[in-house]
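Derivation of every value follows stated rules applied to the coordinates shown; laboratory data play no part. Since the structure is predicted, the reported quantities are computational estimates derived from the model, not experimental observations. No Cβ is skipped: glycine too gets one built from the backbone with ideal geometry, and neighbour counts run over all protein chains shown.
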């Protein structure tokens, strides 16, 4: 892989990220020793944005894979494809990242089958190698290569969890929704909505997060708050914007929708 190949995966523009603590310093230290990193936290709390920001800050290419239950090992490492000249090998995103020295980000890795995630093991210990068994090649990871995974511990179950043999190959960093004042600043910055409206949106979200485990699997994420704020900046009435971006996406239960709707009306009616 050439420098030109790596360039296409560079993060061109600084992604906005508001540090909550010393997570930037800790990640930089982990990258310096190429420690594989696991980011844990609820959906929409900033894990993916953090990785994008760090790739930009470190000036390293970033290859992101959205994991799902149908993803196979070949989807990660590569496969032979037919073309007019016969067959040719095409690297998967993990192999490409290992060759060019990218940060490979496996988003919501717990969604992938366990027999798929096992392929990352040789890259996450002293070997830093990726066997391409179908091709008969052993790829030595580029010195700049790092693997980062994320998942939401709230969705763990006996059927969907990482094996200890996988977990114990990573350093871990926990993320959560920021304090109200900080979250309001993030919502205002990302959407262009005024500070007072951003504060009210965060208050609605906090009401929903108090219902986690009491009718809701998850409360409203910072991502959803930004969606609602963007609708408001486009002229949608705040109550209607909240219904569309906050209430309807997180529950199908009529009683819970009414409860959340009441919280919206408390702050916006």
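Hey, what's the Kirkwood Rh for the stretch 202-269 if you take every pair of different alpha carbons, in angstrom?
On the way: mean 1/r = 0.0859 Å⁻¹.
Mean inverse Cα-Cα distance, inverted, gives 11.6 Å.
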For a label point 7 Å from the Cα of residue 69 along Cα→C-beta, name the residues of the stretch 160-174 whose backbone N is under 16 Å from it.
160-162
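Can you tell me the FRET efficiency between residue 127 and residue 12 if r is taken as the Cβ-Cβ distance and R0 is 41 Å, rounded to the nearest 0.05? If you can, show how the numbers build up before the last one.
Numbers: r = 33 Å, r/R0 = 0.80.
Once the sixth-power term is evaluated, E becomes 0.80.
Report the Rg/Rh value for the stretch 49-94, based on alpha-carbon coordinates and the Kirkwood definition of Rh. It would help to have the intermediate numbers written out before the result.
On the way: Rg = 14.8 Å, Rh = 12.8 Å.
Over the Cα atoms of the stretch 49-94, Rg/Rh equals 1.15.
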7 Å from Cα along Cα→Cβ at both residue 115 and residue 29: what's the point-to-point distance in nm?
4.0
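Could you order the peptides 66-79, 121-134 from most to least packed, using the average number of other C-beta atoms within 10 Å per residue?
Values: 66-79: 16.8, 121-134: 15.3.
The peptides rank, most packed first, as 66-79, 121-134.
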With both bridge residues required to lie in the chain, what share of the DSSP beta bridges run antiparallel, to the nearest 5%?
35
Sequence ranges 14-23, 228-237, ranked by mean other-Cβ count within 10 angstrom, highest first:
228-237, 14-23
Once the cut-off is 34 Å, how many percent of the Cα-Cα pairs in the chain end up in the long-distance tail?
28
Taking just the alpha-carbon atoms of the stretch 1-158, what radius of gyration and Dmax come out, in angstrom?
15.9, 54
For q values of 0.16, 0.19, 0.21, 0.24 Å⁻¹, compute log₁₀ I(q)/I(0) with the Debye formula on a Cα-only model of the stretch 193-237, without solvent.
-0.43, -0.58, -0.67, -0.80
Which three lengths, in whole Å and largest first, does the stretch 1-84 cover when its Cα atoms are put on their principal axes?
53, 33, 25
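Output the peptides 98-110, 35-47 sorted from most to least packed, where packing is the average of other Cβ atoms within 10 Å over each peptide's residues. List each step's numbers first, then the result.
Details: 98-110: 22.3, 35-47: 20.8.
Those peptides, ordered most packed to least, come out 98-110, 35-47.
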In Å, the Kirkwood hydrodynamic radius from C-alpha pairs for the stretch 123-242 sits at 17.9
So, in nm, how far is label residue 244 from label residue 80 when the simple model puts each one 7 Å beyond its Cα toward the Cβ?
5.1
